[in-house]
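Take a look at the structure set out below.
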Amino acid sequence: DTEVTQTPKHLVMGMTNKKSLKCEQHMGHRAMYWYKQKAKKPPELMFVYSYEKLSINESVPSRFSPECPNSSLLNLHLHALQPEDSALYLCASSQEAAGGSYEQYFGPGTRLTVT
Amino acid sequence: DAKTTQPTSMDCAEGRAANLPCNHSTISGNEYVYWYRQIHSQGPQYIIHGLKNNETNEMASLIITEDRKSSTLILPHATLRDTAVYYCIVRVDLFISGNTPLVFGKGTRLSVIA
């Protein structure tokens, strides 16, 4: 199984709502990632988790709160978002490197619209 | 910042080889060249990667110049389903730095035409 699943596929939320995005993989990968992709732009890294610990935060606003409850799950909690946060949110996973190079597997993304 | 330069867009006739160039003139000796593609409204998909030797898999071939300053991704028989944005990414050897995330540039939008 080389699949990364993301739910929901689409999400519309108001600026005062609290919602969560969920990502799951069962490939035994110990590195997981959140990327944000605006329309017609490349994906931009938001967070990296390594062995369930946050290892990289690319200066993301606190209204985005990641969580890695176990090695298979990655959540992104959303609160008080702005319309400019509307984007495709991509989750990815990969082996945690002991050396060499490893590919990242991406999920299909959650398309978020903030109204 | 992305360390690669790619043409913004390219067209290719269906059934012909698609050759996508990438410049990475500042690549270091311990950096790999990765290629991913993103079909519309899907997550990026890994294609191939290499260090200095040419590589081939079931999807594509990767040709890296001897000085490693540029590379070409070859899709040998392009189909309509290969229409996508193709990203060339330079990434340091994970043994050196631990797991590093991908930094995407703008990519090349490949349109395969019937």
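The values are calculated or read from the model by the stated rules, or taken from the named source; none is laboratory data. Predicted, not measured: the structure shown is a model, and the values here were computed from it. Cβ placement follows ideal geometry from the backbone for every residue including glycine, while neighbour counts extend to all protein chains displayed. Remember, those area values only see protein heavy atoms, side chains included, never the ligands or the DNA or RNA. Shrake-Rupley method; radii C 1.70, N 1.55, O 1.52, S 1.80 Å.
Would you kindly state how much longer the chain becomes between A:SER59 and A:HIS10 on full extension, computed as 0.36 nm times their sequence separation minus their alpha carbon distance, in nm to one decimal?
On the way: separation 49, 0.36 × 49 = 17.64 nm, distance 2.50 nm.
Net length gain for the segment: 15.1 nm.
Roughly how large is the B-A contact in terms of buried accessible area, totalled over both chains, probe 1.4 Å, nearest 100 Å²? Show your work: numbers first, answer last.
On the way: alone 6690 and 6430 Å², together 11390 Å².
So the buried area, both faces added, is about 1700 Å².
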| said: Under the rule of at least 5 residues apart or a separate chain, name every residue whose amide H is placed under 5 Å from the amide H of A:HIS26. | reply: A:GLU3
| message | In Å and on Cα atoms, what radius of gyration and Dmax does segment A:1-70 show? | response | 13.1, 38
| Given B:LYS52/B:LYS106; A:LYS19/B:LYS3; A:LYS9/A:LYS40; A:LYS9/B:LYS52, the pairs whose alpha carbons are separated by over 30 Å | A:LYS19/B:LYS3; A:LYS9/B:LYS52
| Which three lengths, in whole Å and largest first, does chain B cover when its Cα atoms are put on their principal axes? | 44, 30, 24
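What FRET efficiency comes out for the pair B:LEU51/A:GLU84, r = Cβ-Cβ distance, R0 = 30 Å, nearest 0.05? Could you put the intermediate results ahead of the total?
Working: r = 39 Å, r/R0 = 1.30.
Rounded to the nearest 0.05, the efficiency is 0.15.
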| said: Apply the Karplus curve 6.51 cos²θ - 1.76 cosθ + 1.60, θ = phi - 60°, to the phi angles in segment B:81-86 and return the couplings in whole Hz, x for Gly and Pro. | reply: 6, 7, 4, 5, 8, 10
| note | The simple spin-label model distance between A:LYS38 and B:THR100, using points 7 Å out along Cα→Cβ, in nm, is 2.5 nm
| For chain B, Cys with no neighbouring Cys Cβ under 4.7 Å | B:CYS12
| note | Here the residues of segment B:21-43 lying in the modelled label zone of B:LYS69, meaning backbone nitrogen under 16 Å from a point 7 Å along Cα-to-Cβ, are B:22-29
| task | Under 4.7 Å Cβ to Cβ, no partner at all: give me those cysteines from chain A, in residue order. | result | A:CYS68
| message | Per residue of segment A:104-115, what does 6.51 cos²θ - 1.76 cosθ + 1.60 with θ = phi - 60° give for ³J(HN,Hα)? Whole Hz please, x for Gly and Pro, Karplus curve as stated. | response | 9, 9, 9, x, x, x, 10, 8, 9, 10, 9, 10
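Shape call for segment A:21-61 from the C-alpha gyration tensor, a ≥ b ≥ c root eigenvalues: rounded (a/c under 1.5), prolate (a/b greater than b/c) or oblate?
Numbers: a/c = 2.52, a/b = 1.48, b/c = 1.70.
Cα axes put segment A:21-61 in the oblate bin.
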| message | Counting only other residues whose beta carbon sits under 15 Å from that of A:VAL48, what net charge do I get with K and R as +1, D and E as -1? | response | -1
| remark: With the protein assembly as shown reduced to its Cα atoms and the Debye formula applied, log10 I(q)/I(0) at q = 0.09, 0.11 1/Å amounts to -0.38, -0.56
| Percent of accessible area on chain A owned by carbon and sulfur, 1.4 Å probe? | 49 percent
